[in-house]
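One structure is given below, encoded as structure tokens.
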């Protein structure tokens, strides 16, 4: 097992035949800021840390420590390091894990699936949450969830937390803030439940890990918001490259994220972002005067189209029009029918949108209209999170934002919302309002029309 010593981490390799103990230096010396983390006794943990604080190294060695100390023979102990994507897990943690594991005799290092199998058969493996459904059915004795602000919020309650249940496994969330999202909720829970959670906050101005000169230089090369987020652990700083984050925050401050009731006097529309091996996202909305009321949101993955039809038909109101992306017109090879044909065949009134000429142009249109949008706080919670986290790609090498949106868990809901704006539903609602008014007119002129 690993022994936590101030001078370094040491693995005690017991050789039963000879009856002696060989100590192997793994080359890790815990920074003072992380010693409490290594000696924690709480099942749940949250580490909010500035960039280059050393949280990844500390967490990788912590996984190795637990794996080597677990004496269970069957089933073999299993631990996981989960990053937002598999590529990120490999880039950030695999090198450290291999380095530590390679110093322990009898350890099998597997490049094929980024795992290490230790002499006691315990396994530490790296995963990406971008395909978290692959984790269903797996048990874990402990997990590290890195950059928790970037993972799909559903991954924890739907897959990772249940995977810890039968082994009563532990979990620690680590990362740097990226707005008030899922990681912020975990951080608040950790602060509010100190009897259940280990909590650690490491700000660059307080740890002394980075020199004053380095911080001074970084502060002058970054915007104040970027510096506060990356080095001072601020959740209130704007999300880098976010298209709608500040506008959604404004909607919340102005009271436009609240209980939004269905208006019987206005037609109801939906907008869809269709996925086959991806997520399908549906916004339900109404045009009420000059306002757009978003009264429901739904998304799911790996479901047949009929699943979404059933959800639509179960709503307590009828749908005037379902707006679909342009590729809904494409015929599928297996059935010979397009998805819009299938939906119409199931009784839904549908229209497909023209292929956009400019996604960025559409995004700007959405930004110009968001100040007239209202959202049901509970029924649209997931969709609101998607809008907050929808952002442009960021080129780490060039340190610049791209003009292309980042495709992640938030993009499906954001694309569906964009379709609701460019759908033309507003003009349709105005025409409907005109004919409704005309039909109610009792003047002799109108009643004489044929």
Every residue from the stretch 154-197 that is in contact with a strand residue (DSSP E or B) (Cβ under 8 Å, 6 or more places away or on another chain), in a helix (DSSP H, G or I) and within 15 Å of residue 48 (Cβ to Cβ): 183, 186, 187, 189, 190, 191
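This table checks each residue for (1) more than 24 Å from residue 223 (Cβ to Cβ); (2) touching a helix residue (DSSP H, G or I) at 6+ places or on another chain (Cβ under 8 Å).
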residue: 355; (1), (2): yes, yes
residue: 364; (1), (2): no, no
residue: 372; (1), (2): yes, no
residue: 376; (1), (2): yes, no
residue: 383; (1), (2): yes, yes
Search result, residues across the stretch 329-347 that are in a loop (DSSP other than H, G, I, E, B) and either closer than 30 Å to residue 253 by Cα or touching a residue at least 40 places away in the same chain (Cβ under 8 Å) (or both): 346
The stretch 120-153, subset in a loop (DSSP other than H, G, I, E, B) and in contact (Cβ under 8 Å) with a residue 60 or more places away in the chain, residue surrounded by the most Cβ atoms within 10 Å (Cβ to Cβ): 151
The listed residue being under 22 Å from the mean Cα position of the chain (by Cα) and either in the same structural domain as residue 124 (by TED's automatic domain parsing) or free of Cβ contacts under 8 Å to residues at least 40 places away in the same chain (or both), out of 162, 224: 162
One residue from 203, 240 being surrounded by 13 or more Cβ atoms within 10 Å (Cβ to Cβ) and outside the structural domain of residue 45 (by TED's automatic domain parsing): 240
Residues satisfying the stated conditions in the stretch 348-395, i.e. part of a loop (DSSP other than H, G, I, E, B) and without any contact (Cβ under 8 Å) to a residue 24 or more places away in the chain: 357, 358
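Results for (1) under 30 Å from residue 29 (Cα atoms); (2) modelled with pLDDT under 95; (3) assigned to a loop (DSSP other than H, G, I, E, B); (4) touching a helix residue (DSSP H, G or I) at 6+ places or on another chain (Cβ under 6 Å), shown as yes or no for each residue.
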{"residue": "228", "(1), (2), (3), (4)": "yes, yes, no, no"}
{"residue": "236", "(1), (2), (3), (4)": "no, yes, yes, no"}
{"residue": "240", "(1), (2), (3), (4)": "no, yes, yes, no"}
{"residue": "282", "(1), (2), (3), (4)": "no, no, no, no"}
{"residue": "286", "(1), (2), (3), (4)": "no, no, no, no"}
Only listed residue being surrounded by 12 or more Cβ atoms within 10 Å (Cβ to Cβ), at negative phi and assigned to a loop (DSSP other than H, G, I, E, B), chosen from 251, 261, 266, 218: 266
Test set (1) within 22 Å of residue 87 (Cβ to Cβ); (2) within 18 Å of the chain's Cα centre (by Cα) - residue 138 fails condition number: (2)
Residue 428 surrounded by 14 or more Cβ atoms within 10 Å (Cβ to Cβ), in a helix (DSSP H, G or I), under 26 Å from the mean Cα position of the chain (by Cα) and at pLDDT below 95: no
Criterion: crowded, with 19+ Cβ neighbours inside 10 Å and either outside the structural domain of residue 24 (by TED's automatic domain parsing) or touching a strand residue (DSSP E or B) at 6+ places or on another chain (Cβ under 7 Å) (or both) - qualifying residue of 109, 82: 82
Tally, over the stretch 105-118, of residues that are within 16 Å of residue 61 (Cα to Cα), over 29 Å from the mean Cα position of the chain (by Cα) and assigned to a loop (DSSP other than H, G, I, E, B): 2
Residue selected from the stretch 198-212 under the condition free of Cβ contacts under 8 Å to residues at least 24 places away in the same chain and either under 12 Å from residue 45 (Cβ atoms) or not in a loop (DSSP other than H, G, I, E, B) (or both), by the criterion nearest to the chain's Cα centre (by Cα): 206
Residues of the stretch 309-323 satisfying the condition of being surrounded by 13 or more Cβ atoms within 10 Å (Cβ to Cβ) and either touching a residue at least 60 places away in the same chain (Cβ under 8 Å) or under 11 Å from residue 348 (Cα atoms) (or both): 309, 312, 319, 320, 321, 322, 323
Contacts under 8 angstrom Cβ, first residue in the stretch 409-422 being free of Cβ contacts under 8 Å to residues at least 40 places away in the same chain, partner not in a helix (DSSP H, G or I), 6 or more apart: 410/390; 410/391; 411/390; 411/405
Of all residues in the stretch 404-425 being more than 15 Å from residue 299 (Cβ to Cβ) and assigned to a helix (DSSP H, G or I), the one that is modelled with the lowest pLDDT: 425
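The values are calculated or read from the model by the stated rules, or taken from the named source; none is laboratory data. Since we're looking at a predicted model, the values are computed, not measured. Please note: Cβ atoms are built from the backbone with ideal geometry, for glycine as well, and neighbour counts cover all protein chains shown.
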